[in-house]
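Reading through the structure tokens given below for one structure.
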Amino acid sequence: MNANTGSHNVTYATLSMPSDELHTRYEAALERMQTRLGQTHPMHIDGQPVTAAETFAVHSPIDTGCLLGQFQEGTAQHAHDALSAARRAFPAWSARPWQERVEVVRRAAGLIEERLYELSALTSLEVGKNRLEAIGDVQEAADLIYYYCDQMEANQGFDRLLLRESANVTNRSVLRPYGVWVVISH
Amino acid sequence: MGCGLSSAISNDPEEIARFLDHIQAGVTYVNRQGGATTGAWPGYQSFGGWKGSSSTSKAAGSFYYVQQYMREQSRTVIELG
């Protein structure tokens, strides 16, 4: 939970004593999501939908007769394309002031939060988590992002003045992004 | 090398100190009834392992994490005049 924004629907405390509203909203979202199962989904590379030669089916572990969707069998070339797109975007992104980057990333966390119940319902269907575990996981995804945004601010963007040996010298320590990171998950 | 993500103990006051000082795990809980070793939350508990349960031994959702995605540069600029 982010102490600064105070806007979160779900916290540690909420999950230990879930309200009726939490159940109602989760169940409504689950119903909405169930009407959207079984579709074929593209990958997204450089902001564009991309399809592969092959797809694979994903079923719910809590009801193996339930087809969640068809997904693209991405190749090494697709991974390479995604990496290249991220590398092309990196110079402009990293050149933006850290305050702006924090703002953009906070907005992303806000979008996760807005879709909390939908994403939780999908998490339950996809991995079989019960509703409180699923809601906790999704809220936590947003909260981790908020947390690191707060850390950036608390540390002045990790751009700090050091001691100066004379009036015409400025010494700073700056933490600068490494660059593109690849996350491989299964 | 083994792993060491989360761990918990309850009750015995003597064992508690020994547990906290010697357990090789990144997350520890003492006397926690619900979800004994799970359920860390950003800002409440850091979450990350030691040894094979970690790549850097700095946990998520805490003070030392986000810096790992950045490298430090010292910038000394001298004004000529």
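The values are calculated or read from the model by the stated rules, or taken from the named source; none is laboratory data. No experiment lies behind these values; they were computed from the predicted model shown. Neighbour counts run over all protein chains shown; Cβ positions are idealised from the backbone, glycine included.
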Checklist entry - Taking into account only those residues within segment A:32-47 that are in a strand (DSSP E or B) and surrounded by 14 or more Cβ atoms within 10 Å (Cβ to Cβ), which is farthest from the chain's Cα centre (by Cα)? => result A:His41
Next on the checklist: Taking the criterion of being of a type outside the set (Gly, Ala, Ser), within 13 Å of the chain's Cα centre (by Cα) and surrounded by 15 or more Cβ atoms within 10 Å (Cβ to Cβ), would at least one residue in segment A:148-169 satisfy it?
Outcome noted: yes
Checklist outcome for this item: Subset of segment B:62-78, residues within 24 Å of B:Gly49 (Cα to Cα), among the polar types (S, T, N, Q) and within 7 Å of chain A (Cβ to nearest Cβ), comes to B:Gln67
Next on the checklist: Residues that are more than 10 Å from chain B (Cβ to nearest Cβ), more than 30 Å from A:Asp81 (Cβ to Cβ) and either among the hydrophobic types (A, V, I, L, M, F, W, C) or crowded, with 16+ Cβ neighbours inside 10 Å (or both): does segment A:137-146 have at least one?
Outcome noted: no
Checklist entry - Has segment A:89-102 got any residue that is in contact with a helix residue (DSSP H, G or I) (Cβ under 7 Å, 6 or more places away or on another chain), within 30 Å of A:Ala28 (Cα to Cα) and either modelled with pLDDT of 95 or more or not in a helix (DSSP H, G or I) (or both)? => result no
Next on the checklist: Looking at the structure I just gave you, is A:His80 loosely packed, with under 13 Cβ neighbours inside 10 Å and over 30 Å from B:Tyr44 (Cα atoms)?
Outcome noted: yes
Next on the checklist: I need the full set of residues from segment A:158-181 which are closer than 17 Å to B:Arg71 by Cβ and out of contact with any strand residue (DSSP E or B) (no Cβ under 8 Å at 6 or more places or on another chain), in order please.
Outcome noted: A:Gly179, A:Val180, A:Trp181
Checklist entry - Of all the residues that make up segment B:1-51, how many are among the aliphatic types (A, V, I, L, M) and under 15 Å from the mean Cα position of the chain (by Cα)? => result 7
Checklist entry - Within segment A:125-136, is even one residue surrounded by 12 or more Cβ atoms within 10 Å (Cβ to Cβ), free of Cβ contacts under 8 Å to residues at least 12 places away in the same chain and more than 30 Å from A:Gly157 (Cα to Cα)? => result yes
Next on the checklist: Looking at A:Ser173, A:Ser120, can you tell me which residue is touching a Leu at 6+ places or on another chain (Cβ under 9 Å) and within 9 Å of another protein chain (Cβ to nearest Cβ)?
Outcome noted: A:Ser173
Next on the checklist: So, in segment B:34-74, how many residues would count as being in a strand (DSSP E or B), surrounded by 13 or more Cβ atoms within 10 Å (Cβ to Cβ) and not small (Gly, Ala, Ser)?
Outcome noted: 4
Checklist outcome for this item: When segment A:156-170 is checked residue by residue, the ones that are facing chain B (nearest Cβ under 8 Å) and within 18 Å of A:Val105 (Cα to Cα) are A:Phe158
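Yes or no, residue by residue, for (1) under 28 Å from A:Met152 (Cα atoms); (2) touching a Leu at 6+ places or on another chain (Cβ under 9 Å); (3) assigned to a helix (DSSP H, G or I):
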residue	(1), (2), (3)
A:Val10	yes, yes, no
A:Leu30	no, yes, yes
A:Pro49	no, no, no
A:Ala57	no, yes, no
A:Gly74	no, no, no
A:Gln77	no, no, yes
A:Asp81	no, no, yes
A:Ser84	yes, no, yes
A:Arg106	yes, no, yes
